[in-house]
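Below: the structure, in structure tokens.
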Amino acid sequence: MTTFRLLQQTNRSSRFAQVTVEVAASSWFDVEVTAAAVDEHRREAELGARWALRGLPAAARVTVTNLVVTEVDTSVGDVYEATARAVWQALRVEYPVPYLGFSDPGMVASWLGSMVGRRLEAVTEARYWSEGRREADVESLLHAWLFFGSAMPVGLHGGGDQLLLAKEDPYCSYDMDEYGETRVGPARRPDVLSGFVGARLTDGAVIVGQDVDEVCAGLVLRFEDGDLVIGTLGDEWVLAVGPVPSAAAQYWAVQPFVHGGCR
């Protein structure tokens with residue numbers, strides 16, 4: 001039996017979730033949540049455990065036996081992350097990438113709903129540079145972080161046709177010698193994401209792709225002064241102001257808006 005406690009306090013917000021798991025050898029991957037909790041947290045625990053089991057060399061059975069949350073400090077993604085880390089801790093494995101994101105459309109919709117009414121205070125971007133130059137907006141973008149008022153920054157990580165949201169701080173710039181460098185800093189005009197800094201989010205929608213496993217492929221963020229579309233398609237970023245670009249629309253489905261319906 002292993003317990004992981006996610007506890008983080010910043011000047012913007014706080015995070016808390018405590019998850020206890022039992023992990024046993026099995027002939028197939030399996031997850032069961034026996035902890036007493038609301039459906040939302042049980043779902044996050046199941047998804048977090050399944051994410052942690054992905055790519056492991058040996059199958060395992062995970063039972064989530066206890067969940068501890070608070071009304072004030074626990075928000076979307078906290079139980080998910082705490083569960084994944086509890087599983088890795090029990091198996092004594094290291095997570096192979098520096099971010100732990102969620103892509104379940106229901107979780108993403110819940111996160112969007114919690115951001116409605118907040119201002120986008122800042123956007124940080126990671127971009128690829130070579131020989132002192134960078135490509136255009138979409139071509140040079142690696143990752144982006146959205147800073148909404150009184151909320152943890154959320155990193156956007158694209159891979160294939162899946163968009164992952166990770167509650168995290170931006171990483172630092174780094175040099176890759178003859179292969180160029182990654183520069184991390186505030187979004188700047190005329191790049192698309194910079195145009196919405198300071199605006200209030202009034203609505204939002206989740207974009208899903210056409211994979212067999214339904215996952216988030218992008219977001220429609222409706223601000224008081226316009227709509228922003230950000231997503232990933234075929235391992236390439238899609239950024240647009242206004243409606244979903246026609247080139248992406250044939251592969252995407254926009255789920256109903258979080259608040260107020262489409263207009």
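Numbers below:
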| quantity | calculated |
| --- | --- |
| Cα gyration tensor shape of the stretch 27-86, rounded if a/c is under 1.5, else prolate or oblate by comparing a/b with b/c | prolate |
| Which of Phe223, Phe16 is most accessible, then next, and so on - probe 1.4 Å | Phe16, Phe223 |
| log₁₀ of I(q)/I(0) at q = 0.24, 0.29, 0.30, 0.31 Å⁻¹ - the stretch 166-224, Debye sum with one point per alpha carbon | -1.06, -1.13, -1.15, -1.17 |
| Alpha carbon convex hull of the chain, projected area averaged over orientations, nm² | 15.1 |
| For the stretch 150-212 and the stretch 233-254, distance of Cα centres in Å | 16 |
| Potential lengthening between Arg189 and Ala136 on full extension [0.36 nm per residue; Cα-Cα distance subtracted] | 17.9 nm |
| Additional length obtainable on full extension of the chain from Thr65 to Gln9, 0.36 nm per residue less Cα span | 17.6 nm |
| Per principal axis, descending, Cα span of the stretch 150-263 in whole Å | 47, 35, 26 |
| Nearest-ten-degree value, helix 78-91 long axis tilted from longest Cα axis of the chain | 50 |
| Computed accessible area, Leu164, all protein chains, 1.4 angstrom probe, square angstrom | 20 |
| Cleavage-rule hits (GluC sites (Glu not before Pro)) in the stretch 104-188: DSSP loop, at most 14 neighbouring Cβ within 10 angstrom | Glu131, Glu135 |
| Contour minus Cα-Cα distance for Thr2 and Ser150 (0.36 nm per residue) | 50.1 nm |
| C-alpha long axis of helix 39-53 to longest principal axis of the chain, angle in ° | 90 |
| In Å², nearest 10: area of Trp51 left accessible to a 1.4 Å probe | 40 |
| 1.4 Å probe accessible area per residue over the chain, in Å² | 49 |
| The chain: angle of helix 105-115 to the longest principal axis, Cα-based, in degrees nearest 10 | 60 |
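The values are calculated or read from the model by the stated rules, or taken from the named source; none is laboratory data. Please read these numbers as outputs of a predicted model, since none were measured by experiment. Neighbour counts are summed over all protein chains in view; Cβ atoms, including those assigned to glycine, are modelled from backbone coordinates with ideal geometry. Each accessible area value is taken on the protein alone, full model and side chains, heavy atoms only, with ligands, DNA and RNA left out. Shrake-Rupley method; radii C 1.70, N 1.55, O 1.52, S 1.80 Å.
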